[in-house]
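Attaching a single structure in structure tokens format; questions to follow.
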Amino acid sequence: MRAAVRACFARMWEAAEDGTGLEPVTVKTFLAFGMLLNAGAAMGVEQVDAAWADGVRTRIQPGLFAHISTEANR
């Protein structure tokens, strides 16, 4: 099971990296946000009236990842 999950995650990582040319730290940030959005969808946050749910629903604007770089994360 673990090998299957690793293989799927590797494909997802490679698709994000190869499709964008982004540095690994930016790919990691992008995937982390995606996982948060998936968790929020699974929990039905659109139906939750709470500050944390508002935070999960916050729109991600273009350029959000522009400041994230390998150099900025040393």
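The values are calculated or read from the model by the stated rules, or taken from the named source; none is laboratory data. Source: prediction; values computed, not measured.
Go through the residues of the stretch 60-72 one by one and say whether even a single one is at pLDDT 85 or above and either in a loop (DSSP other than H, G, I, E, B) or among the aromatic types (Phe, Trp, Tyr) (or both).
Step one: list which residues in the stretch 60-72 are at pLDDT 85 or above, which gives none.
No, that holds for no residue.
Working only within the stretch 24-58, note down all residues that are of a type in the set (Ser, Thr, Tyr) and more than 9 Å from the chain's Cα centre (by Cα). Show your work before the answer.
Filtering the stretch 24-58 for residues of a type in the set (Ser, Thr, Tyr) gives 26, 29, 58.
Of everything in the stretch 24-58, those that are of a type in the set (Ser, Thr, Tyr) and more than 9 Å from the chain's Cα centre (by Cα) turn out to be THR26, THR58.
Another question, then. So which residues in the stretch 1-26 are modelled with pLDDT under 90 and part of a helix (DSSP H, G or I)?
Correct list: GLY19, THR20, PRO24, VAL25, THR26.
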